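The values are calculated or read from the model by the stated rules, or taken from the named source; none is laboratory data. Predicted model only: the values in this text are computed from it and were never measured. Note: ideal-geometry Cβ built from the backbone for every residue, glycine included; neighbour counts use all protein chains shown. Keep in mind that these areas ignore ligands, DNA and RNA; they rest on the heavy atoms of the full protein, side chains included. Shrake-Rupley method; radii C 1.70, N 1.55, O 1.52, S 1.80 Å.
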Amino acid sequence: FILSGISGVYSYRQYGTTTYFLNRQLIAIFIGLVLAFIIYKLPFKFLKKIAFPFFLFSLFLVFLTNVPILGIEIWGARRWLNLGIISIQPAELLKIAFIFYLSVWLGQKKGKTFFPFLAILFFISLGMYLQNDLSTLCVIIFTGLALYFLAGKSLKENLTIWASTALVLSLFLIGTFRIDRILALLGIDADPLGSGFQAIQALITVGSGGLWGRGFGFSIHKVPHAMSDAVFAIIAEEGGFFFSSLVLFLFFFFFWKCFLLAKKNKNKTTQLLIIGVSIWFLTQALIHVGAMIGLAPITGVPLPLISYGGSHIVAELIAIGFVFNVLKSSKK
């Protein structure tokens, strides 16, 4: 419903129909629901066996984007993989693959996990570095660090990993456009026609909605990437403060319900998987919203289950399928 109102004008200008982007999103949702249902029906014992191959396959696809024939370069970044009829963003699949594998591994691993966990983070960081995708790496690493902490590992290990991660993330800042975005956020170098353009336009768009909004489908501002990276700004403009607050509240509510479900469950793997998915969704939502209201630098992070984009929608629905599967299995 939200996407149909936002995408209509863009769709008509580019393809002569108001439903082009909407139809593509509905197809992605259908594919995601089918895959989620399949995962829900599969035996959890089988899923646990393929957790590591699933993670390796997802990571392999991330590195595959650097192959010139297969990788699609957009705005200087190779984050998409050309599969002929469709293109996918492997990093979105990596999110759920990493969370699922980590939950299975940390949930049953009794030996040393410190150095293997660092090695996993290194290869993920390398893949994201080659893709020039800091925002996705932040979501993945934060979720992974949270799961490692919740798995009951020592404080010394956690602090060492956090310090190592901070060092790795700092390497991503060696690039003028990221520094410019941070300076624009701080108001030091807010070039209204350059690095600060999207941030300024997003704030104007959010603020113009007032308390009740202009009404759905009546957006008048031209914030860049309105269907994907800036969808919350349009939600705030059309739905106002109350509706946009409701959207944000639903993410917190989802996190809280997952937390309660994890708390009731005695299986460690189930606990980590449920809480991992909820941390992923909430972290990504907060980064997206923060960028739109001037609390975080502008990123390419989509709003879970709402922003336009087939890869992230499919991955998020698959994640929900995993959650329902472990809940079903834990009741047996």
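Looking only at residues that are small (Gly, Ala, Ser), touching a residue at least 24 places away in the same chain (Cβ under 8 Å) and surrounded by fewer than 20 Cβ atoms within 10 Å (Cβ to Cβ) in region 74-91, which one is nearest to Phe281 (Cα to Cα)? Step through it out loud before you land on a result.
From region 74-91, those small (Gly, Ala, Ser) are 76-77, 84, 87, 91; that's our starting set.
Retained after the next criterion (residues that are touching a residue at least 24 places away in the same chain (Cβ under 8 Å)): 76-77, 91.
Of the ones still in play, those that are also surrounded by fewer than 20 Cβ atoms within 10 Å (Cβ to Cβ) are 76-77.
Working: Gly76: 27, Ala77: 24 Å.
Ranking the candidates gives Ala77 first.
Name the one entry in Leu94, Leu118, Leu130, Leu126 that is aliphatic (A, V, I, L, M), open to solvent by less than 30 Å² (accessible area, probe 1.4 Å) and part of a helix (DSSP H, G or I).
Details: Leu118 fails: open to solvent by less than 30 Å² (accessible area, probe 1.4 Å); Leu130 fails: open to solvent by less than 30 Å² (accessible area, probe 1.4 Å); Leu126 fails: open to solvent by less than 30 Å² (accessible area, probe 1.4 Å).
One residue alone meets the criteria, Leu94.
Of all residues in region 249-270 being polar (S, T, N, Q) and either over 21 Å from Leu94 (Cα atoms) or in a loop (DSSP other than H, G, I, E, B) (or both), which is least open to solvent (accessible area, probe 1.4 Å)? Outline the logic, then answer.
Looking only at region 249-270, we keep the residues that are polar (S, T, N, Q), and these are 265, 267, 269-270.
Retained after the next criterion (residues that are either over 21 Å from Leu94 (Cα atoms) or in a loop (DSSP other than H, G, I, E, B) (or both)): 265, 267.
Values: Asn265: 21, Asn267: 73 Å².
The extreme case among them is Asn265.
Here is a list: Trp80, Trp75. Which entry is at pLDDT below 90 and either within 17 Å of Glu316 (Cα to Cα) or within 16 Å of the chain's Cα centre (by Cα) (or both)?
On the way: Trp75 fails: either within 17 Å of Glu316 (Cα to Cα) or within 16 Å of the chain's Cα centre (by Cα) (or both).
Among Trp80, Trp75, only Trp80 is at pLDDT below 90 and either within 17 Å of Glu316 (Cα to Cα) or within 16 Å of the chain's Cα centre (by Cα) (or both).
Only one of these is touching a residue at least 40 places away in the same chain (Cβ under 8 Å), closer than 22 Å to Phe54 by Cα and not hydroxyl-bearing (Ser, Thr, Tyr): Pro297, Pro304. Name it.
None of the other options fit; the residue is Pro304.
Kindly list the number of the only condition in (1) among the aromatic types (Phe, Trp, Tyr); (2) open to solvent by less than 60 Å² (accessible area, probe 1.4 Å); (3) over 24 Å from Leu305 (Cα atoms) that fails for Phe46.
In the conditions (1) among the aromatic types (Phe, Trp, Tyr); (2) open to solvent by less than 60 Å² (accessible area, probe 1.4 Å); (3) over 24 Å from Leu305 (Cα atoms), Phe46 misses (2) alone.
So, in region 138-164, exactly how many residues are modelled with pLDDT of 90 or more and at positive phi?
Here the count works out to 0.
Restricting to region 323-332, count the residues that are open to solvent by 10 Å² or more (accessible area, probe 1.4 Å) and either on the phi > 0 side of the Ramachandran plot or touching a residue at least 40 places away in the same chain (Cβ under 8 Å) (or both).
First, pick out the residues of region 323-332 that are open to solvent by 10 Å² or more (accessible area, probe 1.4 Å): 323-324, 327-332.
Keeping just the survivors that are either on the phi > 0 side of the Ramachandran plot or touching a residue at least 40 places away in the same chain (Cβ under 8 Å) (or both) gives 323-324, 327-330.
The qualifying residues number 6.
Residue under question is Ile274, and the condition is that it be part of a helix (DSSP H, G or I), farther than 20 Å from Gln201 by Cα and at pLDDT 90 or above; does it hold? So that I can check it myself, show each step before the final result.
Numbers: part of a helix (DSSP H, G or I): yes; farther than 20 Å from Gln201 by Cα: yes; at pLDDT 90 or above: yes.
Yes, satisfied.
Which members of region 35-57 meet the condition of being out of contact with any Lys or Arg (no Cβ under 8 Å at 6 or more places or on another chain) and not hydrophobic (A, V, I, L, M, F, W, C)?
Lys41, Pro43, Lys45, Lys48, Lys49, Pro53 - these are the residues of region 35-57 that are out of contact with any Lys or Arg (no Cβ under 8 Å at 6 or more places or on another chain) and not hydrophobic (A, V, I, L, M, F, W, C).
Considering every residue within region 271-282, establish whether at least one is of a type in the set (Ser, Thr, Tyr) and open to solvent by 10 Å² or more (accessible area, probe 1.4 Å). Even if it seems obvious, please write down each step before you answer.
We begin by selecting, within region 271-282, every residue of a type in the set (Ser, Thr, Tyr); these are 278.
Those still in the list that are open to solvent by 10 Å² or more (accessible area, probe 1.4 Å) too: none.
No, region 271-282 contains no residue that is of a type in the set (Ser, Thr, Tyr) and open to solvent by 10 Å² or more (accessible area, probe 1.4 Å).
Return the total of residues in region 284-319 being open to solvent by less than 20 Å² (accessible area, probe 1.4 Å) and of a type in the set (S, T, N, Q).
2
Quick one: what pairs do we get from region 254-275, first residue more than 17 Å from Lys110 (Cβ to Cβ), second open to solvent by 60 Å² or more (accessible area, probe 1.4 Å) and of a type outside the set (Lys, Arg), C-beta under 7 Å, 6+ apart or different chains?
Ile274/Leu261; Ile275/Leu150; Ile275/Phe259
Only one of (1) surrounded by fewer than 19 Cβ atoms within 10 Å (Cβ to Cβ); (2) under 25 Å from Gly32 (Cα atoms); (3) among the small types (Gly, Ala, Ser) fails for Gly71. Which number is that?
(1)
In region 277-310, what count of residues is obtained for those that are in a helix (DSSP H, G or I), modelled with pLDDT under 90 and of a type in the set (Ser, Thr, Tyr)?
0
Name the residue, out of Val314, Val323, that is among the aliphatic types (A, V, I, L, M), modelled with pLDDT of 90 or more and more than 22 Å from Ser135 (Cβ to Cβ). Show your work before the answer.
On the way: Val314 fails: more than 22 Å from Ser135 (Cβ to Cβ).
From the options Val314, Val323, the qualifying one is Val323.
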